[in-house]
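Quick notes on the structure that follows.
The values are calculated or read from the model by the stated rules, or taken from the named source; none is laboratory data. All figures in this text were calculated on a predicted structure; none of them were measured in a lab. Positions of Cβ are generated from backbone atoms using ideal geometry, with glycine treated the same way; all protein chains shown enter the neighbour counts.
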Amino acid sequence: MNHFGHEQITEYLFGEMDEAGHEAFENELADDEELFYQVLETENDLVDRYVSDRLERESKVRFERSLRRYPSRSEKVANARALAEHIGSMQPSASVEPEPVGLFAKLFSFRMSPLMASAFGSLLLLLISAVAFLALENRRNAAEISGLNQQLRNAANTGPVVSSGSTDEIAGELTVELEREREMNERFANEVAALRAKLREPATNTVRPDQTGVRAVTFDPKRRVREINDLRQTSADEPKWTSVVMPIPETAGDETISIKLNDSVIESGRKPTKGTNGKFSVNLRIDDSELRTGENKITVHDSSGREIAAYVLKAAS
Amino acid sequence: MDDRKPTAFSLFLRAFDANEEQGALAYEELRFRLTQIMKWKGCLEADADALADEVMERVARKIGQGEQIENVKAYAVSVARFVLLEHTRKRRELGVDELPEVPVHMDTDATDGPDMRIQCLRSCLVEVTQSEADQRLIVGYYDNGSESKNKEIRRQLAEQLGLTPTALKVKACRLRGKLERCINDCVGRVTKPESTDTYHREEPAR
(Lines give C-alpha, C1' and ligand atoms only; values in the text may rest on other atoms or scores of the structure.)
Protein backbone atom coordinates (compact mmCIF):
# COMPACT_ATOMS: atom_id res chain seq x y z
CA MET A 1 0.00 0.00 0.00
CA ASN A 2 1.48 3.33 -0.99
CA HIS A 3 1.54 6.26 1.38
CA PHE A 4 0.80 8.98 -1.14
CA GLY A 5 -2.57 10.67 -0.95
CA HIS A 6 -4.77 12.15 -3.67
CA GLU A 7 -3.43 15.66 -3.16
CA GLN A 8 0.18 14.50 -3.55
CA ILE A 9 -0.74 12.62 -6.70
CA THR A 10 -2.36 15.70 -8.23
CA GLU A 11 0.62 17.81 -7.17
CA TYR A 12 2.86 15.37 -9.02
CA LEU A 13 0.62 15.43 -12.10
CA PHE A 14 0.48 19.22 -12.10
CA GLY A 15 4.26 19.48 -11.65
CA GLU A 16 3.90 21.22 -8.32
CA MET A 17 6.13 18.96 -6.20
CA ASP A 18 9.51 20.13 -5.06
CA GLU A 19 12.51 18.34 -6.53
CA ALA A 20 13.15 16.02 -3.59
CA GLY A 21 9.51 15.06 -3.28
CA HIS A 22 9.27 14.55 -7.02
CA GLU A 23 12.25 12.19 -7.04
CA ALA A 24 10.99 10.16 -4.10
CA PHE A 25 7.58 9.90 -5.72
CA GLU A 26 9.03 8.81 -9.03
CA ASN A 27 11.19 6.13 -7.40
CA GLU A 28 8.06 4.50 -6.11
CA LEU A 29 6.16 4.87 -9.37
CA ALA A 30 8.00 2.19 -11.31
CA ASP A 31 8.08 -0.19 -8.38
CA ASP A 32 4.65 0.24 -6.87
CA GLU A 33 1.95 -0.99 -9.19
CA GLU A 34 -0.88 0.36 -7.08
CA LEU A 35 0.61 3.84 -6.96
CA PHE A 36 1.37 3.85 -10.67
CA TYR A 37 -2.17 2.96 -11.66
CA GLN A 38 -3.59 5.31 -9.08
CA VAL A 39 -1.64 8.16 -10.71
CA LEU A 40 -2.74 7.07 -14.18
CA GLU A 41 -6.35 6.80 -13.05
CA THR A 42 -6.17 10.24 -11.43
CA GLU A 43 -4.78 11.75 -14.62
CA ASN A 44 -7.49 10.12 -16.73
CA ASP A 45 -10.08 11.33 -14.28
CA LEU A 46 -8.74 14.90 -14.36
CA VAL A 47 -8.70 14.88 -18.15
CA ASP A 48 -12.24 13.48 -18.34
CA ARG A 49 -13.50 16.04 -15.86
CA TYR A 50 -11.77 18.81 -17.77
CA VAL A 51 -13.35 17.69 -21.02
CA SER A 52 -16.81 17.49 -19.50
CA ASP A 53 -16.28 20.80 -17.68
CA ARG A 54 -16.64 19.21 -14.25
CA LEU A 55 -13.38 20.48 -12.76
CA GLU A 56 -13.61 23.02 -10.02
CA ARG A 57 -12.27 26.42 -10.97
CA GLU A 58 -9.02 26.11 -9.03
CA SER A 59 -8.31 22.62 -10.38
CA LYS A 60 -9.12 23.82 -13.85
CA VAL A 61 -6.56 26.60 -13.61
CA ARG A 62 -3.95 24.14 -12.33
CA PHE A 63 -4.85 21.69 -15.05
CA GLU A 64 -4.56 24.24 -17.82
CA ARG A 65 -1.25 25.40 -16.43
CA SER A 66 -0.06 21.79 -16.54
CA LEU A 67 -0.86 21.58 -20.26
CA ARG A 68 2.09 23.85 -20.92
CA ARG A 69 4.41 21.64 -18.99
CA TYR A 70 3.15 18.31 -20.25
CA PRO A 71 2.46 18.57 -23.98
CA SER A 72 1.36 14.94 -24.30
CA ARG A 73 -1.57 15.77 -22.02
CA SER A 74 -3.12 17.86 -24.79
CA GLU A 75 -3.41 14.71 -26.88
CA LYS A 76 -5.01 12.99 -23.92
CA VAL A 77 -7.55 15.80 -23.81
CA ALA A 78 -8.35 15.38 -27.50
CA ASN A 79 -8.64 11.62 -27.08
CA ALA A 80 -10.83 11.97 -24.02
CA ARG A 81 -13.10 14.28 -25.95
CA ALA A 82 -13.36 11.76 -28.77
CA LEU A 83 -14.02 8.95 -26.30
CA ALA A 84 -16.72 10.97 -24.53
CA GLU A 85 -18.33 11.76 -27.86
CA HIS A 86 -18.20 8.13 -28.91
CA ILE A 87 -19.69 6.98 -25.61
CA GLY A 88 -22.33 9.70 -25.88
CA SER A 89 -23.26 8.48 -29.34
CA MET A 90 -23.81 5.00 -27.91
CA GLN A 91 -26.40 6.16 -25.37
CA PRO A 92 -29.90 4.75 -26.05
CA SER A 93 -31.40 8.19 -26.74
CA ALA A 94 -28.72 8.98 -29.27
CA SER A 95 -28.67 5.57 -30.90
CA VAL A 96 -32.21 5.87 -32.23
CA GLU A 97 -31.32 9.03 -34.07
CA PRO A 98 -30.15 8.53 -37.64
CA GLU A 99 -26.47 9.08 -38.28
CA PRO A 100 -26.09 12.63 -39.64
CA VAL A 101 -24.59 12.81 -43.10
CA GLY A 102 -23.31 15.40 -45.58
CA LEU A 103 -23.91 19.08 -44.95
CA PHE A 104 -26.10 18.43 -41.96
CA ALA A 105 -23.54 16.13 -40.41
CA LYS A 106 -21.01 18.93 -40.64
CA LEU A 107 -23.57 21.39 -39.37
CA PHE A 108 -24.50 19.44 -36.29
CA SER A 109 -21.12 17.99 -35.48
CA PHE A 110 -20.31 21.34 -33.84
CA ARG A 111 -20.99 21.78 -30.20
CA MET A 112 -23.49 24.57 -29.80
CA SER A 113 -24.82 26.51 -26.90
CA PRO A 114 -28.47 25.77 -26.14
CA LEU A 115 -29.40 29.19 -27.51
CA MET A 116 -27.54 28.57 -30.75
CA ALA A 117 -29.02 25.09 -30.98
CA SER A 118 -32.49 26.49 -30.56
CA ALA A 119 -31.83 29.15 -33.23
CA PHE A 120 -30.56 26.46 -35.57
CA GLY A 121 -33.60 24.36 -34.83
CA SER A 122 -35.95 27.22 -35.65
CA LEU A 123 -34.08 28.02 -38.86
CA LEU A 124 -34.13 24.41 -39.90
CA LEU A 125 -37.85 24.16 -39.20
CA LEU A 126 -38.40 27.30 -41.24
CA LEU A 127 -36.32 25.90 -44.07
CA ILE A 128 -38.20 22.61 -44.08
CA SER A 129 -41.55 24.43 -43.99
CA ALA A 130 -40.46 26.67 -46.85
CA VAL A 131 -39.29 23.75 -48.95
CA ALA A 132 -42.48 21.79 -48.21
CA PHE A 133 -44.61 24.82 -49.02
CA LEU A 134 -42.69 25.38 -52.22
CA ALA A 135 -43.14 21.76 -53.26
CA LEU A 136 -46.88 21.90 -52.53
CA GLU A 137 -47.22 25.19 -54.35
CA ASN A 138 -45.38 23.80 -57.34
CA ARG A 139 -47.66 20.80 -57.44
CA ARG A 140 -50.75 22.97 -57.08
CA ASN A 141 -49.50 25.36 -59.77
CA ALA A 142 -48.67 22.52 -62.12
CA ALA A 143 -52.21 21.16 -61.69
CA GLU A 144 -53.67 24.60 -62.19
CA ILE A 145 -51.60 25.25 -65.31
CA SER A 146 -52.54 21.88 -66.72
CA GLY A 147 -56.21 22.69 -66.02
CA LEU A 148 -55.90 26.07 -67.67
CA ASN A 149 -54.13 24.53 -70.66
CA GLN A 150 -56.95 22.06 -70.96
CA GLN A 151 -59.41 24.95 -70.75
CA LEU A 152 -57.44 26.76 -73.47
CA ARG A 153 -57.51 23.71 -75.69
CA ASN A 154 -61.26 23.32 -75.11
CA ALA A 155 -61.80 26.98 -75.88
CA ALA A 156 -59.86 26.65 -79.12
CA ASN A 157 -61.92 23.60 -80.08
CA THR A 158 -65.40 24.78 -79.10
CA GLY A 159 -65.15 28.47 -79.78
CA PRO A 160 -67.15 31.21 -78.01
CA VAL A 161 -70.08 28.85 -77.18
CA VAL A 162 -68.35 27.31 -74.16
CA SER A 163 -65.90 30.07 -73.41
CA SER A 164 -66.71 33.06 -71.29
CA GLY A 165 -64.19 35.09 -73.34
CA SER A 166 -62.17 35.05 -76.53
CA THR A 167 -59.10 32.80 -77.03
CA ASP A 168 -56.87 35.88 -76.87
CA GLU A 169 -58.40 36.89 -73.53
CA ILE A 170 -57.90 33.41 -72.08
CA ALA A 171 -54.32 33.30 -73.36
CA GLY A 172 -53.68 36.72 -71.80
CA GLU A 173 -55.09 35.55 -68.44
CA LEU A 174 -52.91 32.48 -68.60
CA THR A 175 -49.81 34.52 -69.33
CA VAL A 176 -50.52 36.74 -66.34
CA GLU A 177 -51.19 33.68 -64.19
CA LEU A 178 -48.03 31.94 -65.34
CA GLU A 179 -45.99 35.09 -64.79
CA ARG A 180 -47.38 35.37 -61.25
CA GLU A 181 -46.51 31.72 -60.57
CA ARG A 182 -43.02 32.22 -61.96
CA GLU A 183 -42.47 35.24 -59.70
CA MET A 184 -43.76 33.31 -56.70
CA ASN A 185 -41.46 30.40 -57.44
CA GLU A 186 -38.53 32.73 -57.83
CA ARG A 187 -39.35 34.42 -54.52
CA PHE A 188 -39.50 31.09 -52.72
CA ALA A 189 -36.27 29.95 -54.32
CA ASN A 190 -34.61 33.14 -53.09
CA GLU A 191 -35.98 32.65 -49.59
CA VAL A 192 -34.73 29.09 -49.49
CA ALA A 193 -31.31 30.20 -50.72
CA ALA A 194 -31.20 32.91 -48.03
CA LEU A 195 -32.17 30.41 -45.34
CA ARG A 196 -29.55 27.97 -46.53
CA ALA A 197 -26.93 30.72 -46.43
CA LYS A 198 -28.02 31.61 -42.89
CA LEU A 199 -27.66 28.00 -41.83
CA ARG A 200 -24.25 27.69 -43.35
CA GLU A 201 -22.94 30.86 -41.75
CA PRO A 202 -22.64 29.72 -38.12
CA ALA A 203 -21.24 26.37 -39.19
CA THR A 204 -18.19 27.99 -40.69
CA ASN A 205 -17.82 30.58 -37.98
CA THR A 206 -18.55 28.53 -34.92
CA VAL A 207 -15.34 27.29 -33.43
CA ARG A 208 -15.28 25.52 -30.13
CA PRO A 209 -13.16 27.56 -27.75
CA ASP A 210 -10.88 24.66 -27.11
CA GLN A 211 -10.60 23.99 -30.81
CA THR A 212 -8.75 27.20 -31.51
CA GLY A 213 -5.26 26.97 -32.82
CA VAL A 214 -2.07 28.23 -31.30
CA ARG A 215 -0.54 31.45 -32.52
CA ALA A 216 3.20 31.55 -32.89
CA VAL A 217 4.98 34.87 -32.67
CA THR A 218 8.72 34.96 -33.19
CA PHE A 219 10.40 38.22 -32.37
CA ASP A 220 13.78 39.08 -33.78
CA PRO A 221 16.16 41.89 -32.79
CA LYS A 222 14.97 44.00 -35.71
CA ARG A 223 11.29 43.34 -35.12
CA ARG A 224 10.63 43.87 -31.50
CA VAL A 225 7.04 44.88 -31.94
CA ARG A 226 4.56 42.36 -33.28
CA GLU A 227 0.82 42.39 -33.61
CA ILE A 228 -1.93 39.87 -33.15
CA ASN A 229 -5.36 40.75 -34.41
CA ASP A 230 -7.57 38.06 -33.01
CA LEU A 231 -7.15 38.49 -29.28
CA ARG A 232 -10.06 37.09 -27.38
CA GLN A 233 -10.52 38.49 -23.96
CA THR A 234 -11.20 35.08 -22.65
CA SER A 235 -11.02 33.54 -19.26
CA ALA A 236 -9.47 30.26 -18.29
CA ASP A 237 -12.72 28.70 -19.45
CA GLU A 238 -11.90 29.49 -23.04
CA PRO A 239 -8.17 29.18 -23.40
CA LYS A 240 -6.35 30.49 -26.41
CA TRP A 241 -2.72 31.25 -26.37
CA THR A 242 0.28 32.53 -28.18
CA SER A 243 3.63 30.82 -28.36
CA VAL A 244 6.24 33.54 -28.15
CA VAL A 245 9.89 33.13 -29.07
CA MET A 246 12.22 35.96 -28.05
CA PRO A 247 15.94 36.24 -28.75
CA ILE A 248 18.06 37.37 -25.82
CA PRO A 249 21.63 38.67 -25.65
CA GLU A 250 24.38 36.06 -25.61
CA THR A 251 25.72 37.50 -22.38
CA ALA A 252 22.75 36.03 -20.58
CA GLY A 253 23.20 32.64 -22.19
CA ASP A 254 24.07 30.64 -19.11
CA GLU A 255 22.09 32.67 -16.65
CA THR A 256 18.75 32.01 -15.12
CA ILE A 257 16.28 34.50 -16.44
CA SER A 258 12.85 35.73 -15.54
CA ILE A 259 10.15 37.12 -17.79
CA LYS A 260 7.67 39.86 -17.05
CA LEU A 261 4.47 40.60 -18.88
CA ASN A 262 3.24 44.14 -18.31
CA ASP A 263 5.57 44.36 -15.29
CA SER A 264 4.27 41.21 -13.63
CA VAL A 265 6.55 38.19 -13.42
CA ILE A 266 5.08 35.32 -15.42
CA GLU A 267 8.11 33.03 -15.55
CA SER A 268 11.19 32.77 -13.41
CA GLY A 269 14.10 30.42 -13.04
CA ARG A 270 14.18 29.75 -16.77
CA LYS A 271 17.32 28.88 -18.73
CA PRO A 272 17.57 30.28 -22.23
CA THR A 273 17.87 27.80 -25.08
CA LYS A 274 20.80 27.87 -27.45
CA GLY A 275 20.06 27.48 -31.12
CA THR A 276 22.22 25.78 -33.72
CA ASN A 277 23.38 29.24 -34.75
CA GLY A 278 24.76 29.80 -31.25
CA LYS A 279 22.14 32.44 -30.47
CA PHE A 280 20.08 32.32 -27.33
CA SER A 281 16.37 32.63 -27.11
CA VAL A 282 13.56 31.97 -24.73
CA ASN A 283 10.11 30.74 -25.53
CA LEU A 284 6.95 30.78 -23.53
CA ARG A 285 3.25 30.48 -23.88
CA ILE A 286 0.93 33.33 -22.97
CA ASP A 287 -2.77 32.82 -22.49
CA ASP A 288 -5.10 35.38 -24.02
CA SER A 289 -6.55 35.99 -20.61
CA GLU A 290 -3.15 37.33 -19.54
CA LEU A 291 -2.94 39.77 -22.44
CA ARG A 292 -4.66 43.11 -22.64
CA THR A 293 -5.93 44.92 -25.69
CA GLY A 294 -3.28 47.29 -26.96
CA GLU A 295 0.38 47.11 -26.08
CA ASN A 296 1.72 44.31 -23.94
CA LYS A 297 5.29 44.74 -22.81
CA ILE A 298 7.30 41.57 -22.42
CA THR A 299 10.64 41.99 -20.73
CA VAL A 300 13.40 39.51 -20.02
CA HIS A 301 15.51 39.96 -16.91
CA ASP A 302 18.79 38.40 -15.84
CA SER A 303 19.35 36.84 -12.43
CA SER A 304 20.09 40.25 -10.90
CA GLY A 305 16.77 41.60 -12.18
CA ARG A 306 18.35 43.74 -14.90
CA GLU A 307 16.28 44.09 -18.04
CA ILE A 308 18.15 42.48 -20.92
CA ALA A 309 15.51 42.42 -23.62
CA ALA A 310 12.15 44.01 -24.24
CA TYR A 311 9.43 43.25 -26.74
CA VAL A 312 5.96 44.56 -27.43
CA LEU A 313 3.03 42.42 -28.41
CA LYS A 314 0.21 44.57 -29.74
CA ALA A 315 -3.11 42.85 -29.37
CA ALA A 316 -6.38 43.73 -31.02
CA SER A 317 -9.64 41.88 -30.66
CA MET B 1 20.35 -29.16 -23.36
CA ASP B 2 20.57 -25.64 -24.73
CA ASP B 3 24.18 -24.59 -24.26
CA ARG B 4 23.84 -21.32 -26.20
CA LYS B 5 24.98 -18.29 -24.27
CA PRO B 6 21.95 -16.28 -23.17
CA THR B 7 21.62 -12.90 -24.80
CA ALA B 8 21.55 -9.68 -22.81
CA PHE B 9 17.85 -9.48 -23.57
CA SER B 10 17.02 -12.95 -22.27
CA LEU B 11 19.09 -12.24 -19.17
CA PHE B 12 17.06 -9.08 -18.77
CA LEU B 13 13.81 -11.02 -19.01
CA ARG B 14 15.08 -13.54 -16.46
CA ALA B 15 15.93 -10.69 -14.12
CA PHE B 16 12.18 -10.15 -13.87
CA ASP B 17 11.15 -13.76 -13.74
CA ALA B 18 12.82 -17.15 -14.16
CA ASN B 19 10.06 -17.95 -16.64
CA GLU B 20 10.87 -15.97 -19.78
CA GLU B 21 7.23 -15.61 -20.77
CA GLN B 22 6.38 -14.05 -17.43
CA GLY B 23 9.57 -12.01 -17.76
CA ALA B 24 8.39 -10.72 -21.14
CA LEU B 25 5.10 -9.59 -19.61
CA ALA B 26 6.98 -7.81 -16.83
CA TYR B 27 9.23 -6.24 -19.47
CA GLU B 28 6.24 -4.85 -21.34
CA GLU B 29 4.74 -3.57 -18.12
CA LEU B 30 7.94 -1.77 -17.13
CA ARG B 31 8.24 -0.29 -20.61
CA PHE B 32 4.67 0.97 -20.38
CA ARG B 33 5.37 2.57 -17.00
CA LEU B 34 8.59 4.17 -18.20
CA THR B 35 6.83 5.63 -21.23
CA GLN B 36 4.21 7.06 -18.95
CA ILE B 37 6.79 8.42 -16.51
CA MET B 38 8.59 10.11 -19.42
CA LYS B 39 5.34 11.82 -20.37
CA TRP B 40 4.86 12.89 -16.77
CA LYS B 41 8.31 14.37 -17.05
CA GLY B 42 7.11 16.55 -19.91
CA CYS B 43 8.06 14.46 -22.96
CA LEU B 44 5.97 14.29 -26.08
CA GLU B 45 4.37 10.93 -26.75
CA ALA B 46 6.76 10.05 -29.60
CA ASP B 47 9.82 11.04 -27.54
CA ALA B 48 8.57 9.14 -24.52
CA ASP B 49 8.39 5.90 -26.52
CA ALA B 50 11.87 6.28 -27.96
CA LEU B 51 13.36 7.21 -24.59
CA ALA B 52 11.69 4.31 -22.80
CA ASP B 53 13.23 1.97 -25.39
CA GLU B 54 16.61 3.56 -24.83
CA VAL B 55 16.29 3.02 -21.07
CA MET B 56 15.29 -0.61 -21.51
CA GLU B 57 18.21 -1.18 -23.83
CA ARG B 58 20.70 0.34 -21.42
CA VAL B 59 19.40 -1.71 -18.52
CA ALA B 60 19.52 -4.88 -20.65
CA ARG B 61 23.10 -4.06 -21.65
CA LYS B 62 24.08 -3.58 -18.02
CA ILE B 63 22.58 -6.91 -17.07
CA GLY B 64 24.25 -8.52 -20.09
CA GLN B 65 27.59 -7.25 -18.81
CA GLY B 66 27.03 -9.23 -15.65
CA GLU B 67 25.97 -6.38 -13.40
CA GLN B 68 23.89 -7.55 -10.45
CA ILE B 69 20.88 -5.28 -10.15
CA GLU B 70 18.81 -5.77 -7.06
CA ASN B 71 15.74 -3.81 -8.10
CA VAL B 72 15.47 -3.60 -11.88
CA LYS B 73 12.48 -1.25 -11.84
CA ALA B 74 14.06 1.30 -9.50
CA TYR B 75 17.29 1.05 -11.46
CA ALA B 76 15.40 1.67 -14.71
CA VAL B 77 13.86 4.85 -13.27
CA SER B 78 17.30 6.17 -12.33
CA VAL B 79 18.55 5.38 -15.86
CA ALA B 80 15.48 7.15 -17.20
CA ARG B 81 16.56 10.34 -15.45
CA PHE B 82 19.95 10.27 -17.16
CA VAL B 83 18.47 9.45 -20.52
CA LEU B 84 16.05 12.34 -20.22
CA LEU B 85 18.84 14.72 -19.24
CA GLU B 86 20.84 13.65 -22.28
CA HIS B 87 17.79 14.04 -24.46
CA THR B 88 17.14 17.56 -23.17
CA ARG B 89 20.79 18.50 -23.71
CA LYS B 90 20.74 17.11 -27.23
CA ARG B 91 17.56 19.00 -28.07
CA ARG B 92 19.22 22.19 -26.90
CA GLU B 93 22.29 21.55 -28.98
CA LEU B 94 20.18 20.88 -32.04
CA GLY B 95 18.17 24.01 -31.35
CA VAL B 96 14.93 22.05 -31.30
CA ASP B 97 13.80 24.04 -28.29
CA GLU B 98 14.12 27.20 -30.27
CA LEU B 99 10.89 26.26 -31.93
CA PRO B 100 7.79 27.42 -30.14
CA GLU B 101 7.46 25.61 -26.85
CA VAL B 102 4.04 24.45 -27.81
CA PRO B 103 4.14 22.26 -30.89
CA VAL B 104 2.02 23.47 -33.76
CA HIS B 105 -0.21 20.44 -33.41
CA MET B 106 -0.57 20.98 -29.68
CA ASP B 107 -4.23 21.77 -29.91
CA THR B 108 -4.87 18.55 -31.66
CA ASP B 109 -8.52 19.09 -32.48
CA ALA B 110 -7.66 22.21 -34.40
CA THR B 111 -5.46 20.35 -36.86
CA ASP B 112 -6.74 16.86 -37.16
CA GLY B 113 -10.41 17.60 -36.65
CA PRO B 114 -12.62 15.89 -34.12
CA ASP B 115 -14.27 13.73 -36.79
CA MET B 116 -11.02 12.11 -37.79
CA ARG B 117 -10.06 11.41 -34.19
CA ILE B 118 -13.40 9.75 -33.60
CA GLN B 119 -12.97 7.66 -36.73
CA CYS B 120 -9.53 6.63 -35.49
CA LEU B 121 -10.98 5.90 -32.07
CA ARG B 122 -13.62 3.63 -33.53
CA SER B 123 -11.16 1.58 -35.55
CA CYS B 124 -8.70 1.52 -32.64
CA LEU B 125 -11.38 0.28 -30.26
CA VAL B 126 -11.64 -2.81 -32.43
CA GLU B 127 -7.89 -3.06 -32.91
CA VAL B 128 -6.74 -2.86 -29.30
CA THR B 129 -9.51 -4.73 -27.58
CA GLN B 130 -9.39 -8.49 -27.70
CA SER B 131 -13.08 -9.04 -27.18
CA GLU B 132 -16.39 -7.30 -27.11
CA ALA B 133 -16.20 -7.52 -23.34
CA ASP B 134 -13.07 -5.33 -23.45
CA GLN B 135 -14.92 -2.82 -25.62
CA ARG B 136 -17.82 -2.77 -23.20
CA LEU B 137 -15.35 -2.37 -20.36
CA ILE B 138 -13.67 0.69 -21.80
CA VAL B 139 -16.95 2.29 -22.82
CA GLY B 140 -18.59 1.51 -19.49
CA TYR B 141 -15.64 2.39 -17.31
CA TYR B 142 -15.12 5.78 -18.89
CA ASP B 143 -18.78 6.69 -19.29
CA ASN B 144 -18.43 10.24 -18.09
CA GLY B 145 -21.70 10.61 -16.28
CA SER B 146 -22.33 11.55 -12.70
CA GLU B 147 -20.06 10.29 -9.90
CA SER B 148 -22.64 7.97 -8.46
CA LYS B 149 -23.52 6.57 -11.88
CA ASN B 150 -19.84 5.98 -12.60
CA LYS B 151 -19.30 4.18 -9.32
CA GLU B 152 -22.29 1.96 -9.91
CA ILE B 153 -21.28 1.11 -13.48
CA ARG B 154 -17.76 0.27 -12.36
CA ARG B 155 -19.04 -1.89 -9.52
CA GLN B 156 -21.26 -3.79 -11.95
CA LEU B 157 -18.43 -4.17 -14.46
CA ALA B 158 -16.10 -5.59 -11.82
CA GLU B 159 -18.81 -8.01 -10.77
CA GLN B 160 -19.56 -9.12 -14.34
CA LEU B 161 -15.88 -9.66 -15.13
CA GLY B 162 -15.09 -11.28 -11.82
CA LEU B 163 -12.43 -8.70 -11.01
CA THR B 164 -11.61 -6.74 -7.90
CA PRO B 165 -12.07 -2.97 -8.25
CA THR B 166 -8.28 -2.55 -8.33
CA ALA B 167 -7.83 -5.19 -11.03
CA LEU B 168 -10.60 -3.53 -13.04
CA LYS B 169 -8.88 -0.16 -12.71
CA VAL B 170 -5.56 -1.62 -13.91
CA LYS B 171 -7.24 -3.33 -16.86
CA ALA B 172 -9.14 -0.17 -17.82
CA CYS B 173 -6.02 2.01 -17.54
CA ARG B 174 -3.99 -0.38 -19.68
CA LEU B 175 -6.70 -0.56 -22.31
CA ARG B 176 -7.06 3.20 -22.37
CA GLY B 177 -3.29 3.59 -22.67
CA LYS B 178 -3.25 1.23 -25.67
CA LEU B 179 -6.27 2.94 -27.17
CA GLU B 180 -4.75 6.41 -26.88
CA ARG B 181 -1.50 5.27 -28.38
CA CYS B 182 -3.35 3.67 -31.30
CA ILE B 183 -5.44 6.83 -31.86
CA ASN B 184 -2.38 9.07 -31.81
CA ASP B 185 -0.60 6.80 -34.29
CA CYS B 186 -3.68 6.69 -36.50
CA VAL B 187 -4.17 10.47 -36.47
CA GLY B 188 -0.44 10.95 -37.03
CA ARG B 189 -0.46 8.66 -40.05
CA VAL B 190 -3.35 10.50 -41.62
CA THR B 191 -2.56 14.12 -40.86
CA LYS B 192 1.12 14.67 -40.31
CA PRO B 193 3.87 14.52 -42.87
CA GLU B 194 6.78 12.22 -42.15
CA SER B 195 8.97 13.74 -39.48
CA THR B 196 12.05 15.57 -40.59
CA ASP B 197 13.49 15.34 -37.10
CA THR B 198 16.48 13.11 -37.58
CA TYR B 199 17.31 12.92 -33.93
CA HIS B 200 14.92 10.10 -33.17
CA ARG B 201 16.13 8.09 -36.10
CA GLU B 202 19.63 7.86 -34.73
CA GLU B 203 20.82 4.53 -33.50
CA PRO B 204 21.34 4.57 -29.76
CA ALA B 205 24.97 4.68 -28.70
CA ARG B 206 26.51 1.27 -28.38
Checklist entry - How many residues are loosely packed, with under 15 Cβ neighbours inside 10 Å and either at pLDDT below 75 or more than 17 Å from A:G305 (Cα to Cα) (or both) when one looks only at segment A:258-283? => result 3
Checklist entry - Does segment A:250-257 include one or more residues that are under 23 Å from A:L67 (Cα atoms), outside any loop (DSSP other than H, G, I, E, B) and at pLDDT 85 or above? => result yes
Checklist entry - Which one of these is at the interface with chain A (Cβ under 7 Å from one of its Cβ atoms), at pLDDT 85 or above, crowded, with 18+ Cβ neighbours inside 10 Å and within 21 Å of the chain's Cα centre (by Cα): B:L121, B:L125? => result B:L121
Next on the checklist: If A:L40 satisfies all but one of (1) away from chain B (no Cβ under 13 Å); (2) at pLDDT 75 or above, what's the number of the condition it fails?
Outcome noted: (1)
Item to check | Among (1) buried (at least 20 other Cβ atoms within 10 Å of the Cβ); (2) hydrophobic (A, V, I, L, M, F, W, C); (3) touching a residue at least 40 places away in the same chain (Cβ under 8 Å) - the single one B:F32 does not satisfy | outcome: (1)
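Rundown of residues vs (1) of a type outside the set (K, R); (2) within 11 Å of chain A (Cβ to nearest Cβ); (3) more than 10 Å from the chain's Cα centre (by Cα), yes/no style:
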| site | (1), (2), (3) |
| --- | --- |
| B:E29 | yes, yes, no |
| B:T35 | yes, yes, no |
| B:M38 | yes, yes, no |
| B:G42 | yes, yes, yes |
| B:V55 | yes, yes, yes |
| B:G64 | yes, no, yes |
| B:Q68 | yes, no, yes |
Checklist entry - What do you reckon, is A:T10 closer than 24 Å to B:L30 by Cβ, among the hydroxyl-bearing types (S, T, Y), more than 7 Å from chain B (Cβ to nearest Cβ) and over 21 Å from the mean Cα position of the chain (by Cα)? => result no
Checklist entry - Are there any pairs, at least 6 apart or on different chains, whose C-beta atoms fall under 7 Å, with the first in segment A:22-34 and facing chain B (nearest Cβ under 9 Å) and surrounded by fewer than 15 Cβ atoms within 10 Å (Cβ to Cβ) and the second polar (S, T, N, Q) and not in a helix (DSSP H, G or I), and if so, which? => result A:E34/A:N2
Checklist entry - In this structure, does B:L11 turn out to be touching a helix residue (DSSP H, G or I) at 6+ places or on another chain (Cβ under 6 Å) and either away from chain A (no Cβ under 13 Å) or modelled with pLDDT under 90 (or both)? => result yes
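For (1) closer than 22 Å to B:R176 by Cβ; (2) among the small types (G, A, S); (3) in a loop (DSSP other than H, G, I, E, B), each residue gets a yes or a no:
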| residue | (1), (2), (3) |
| --- | --- |
| A:T10 | yes, no, no |
| A:E23 | no, no, no |
| A:L29 | yes, no, no |
| A:F36 | yes, no, no |
| A:Y50 | yes, no, no |
| A:A78 | yes, yes, no |
Checklist entry - Would you pick out the residues in segment A:297-307 that are in a strand (DSSP E or B) and either of a type in the set (G, A, S) or surrounded by 15 or more Cβ atoms within 10 Å (Cβ to Cβ) (or both)? => result A:I298, A:T299, A:V300, A:H301
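Could you grab me the full set of residues in segment A:53-74 that are in a loop (DSSP other than H, G, I, E, B) and surrounded by 14 or more Cβ atoms within 10 Å (Cβ to Cβ)? Give the derivation first.
Start the filter on segment A:53-74 by keeping residues that are in a loop (DSSP other than H, G, I, E, B), which leaves A:53-56, A:70-71.
The answer is A:R54, A:L55, A:Y70, A:P71.
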Checklist outcome for this item: Within segment B:132-164, restricting to residues that are modelled with pLDDT of 85 or more and in contact with an Asp or Glu (Cβ under 8 Å, 6 or more places away or on another chain), the one that is farthest from A:L83 (Cα to Cα) is B:I153
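Can you tell which of B:A158, B:A133 is in contact with a helix residue (DSSP H, G or I) (Cβ under 8 Å, 6 or more places away or on another chain) and crowded, with 18+ Cβ neighbours inside 10 Å?
None of the others qualify; the one that does is B:A158.
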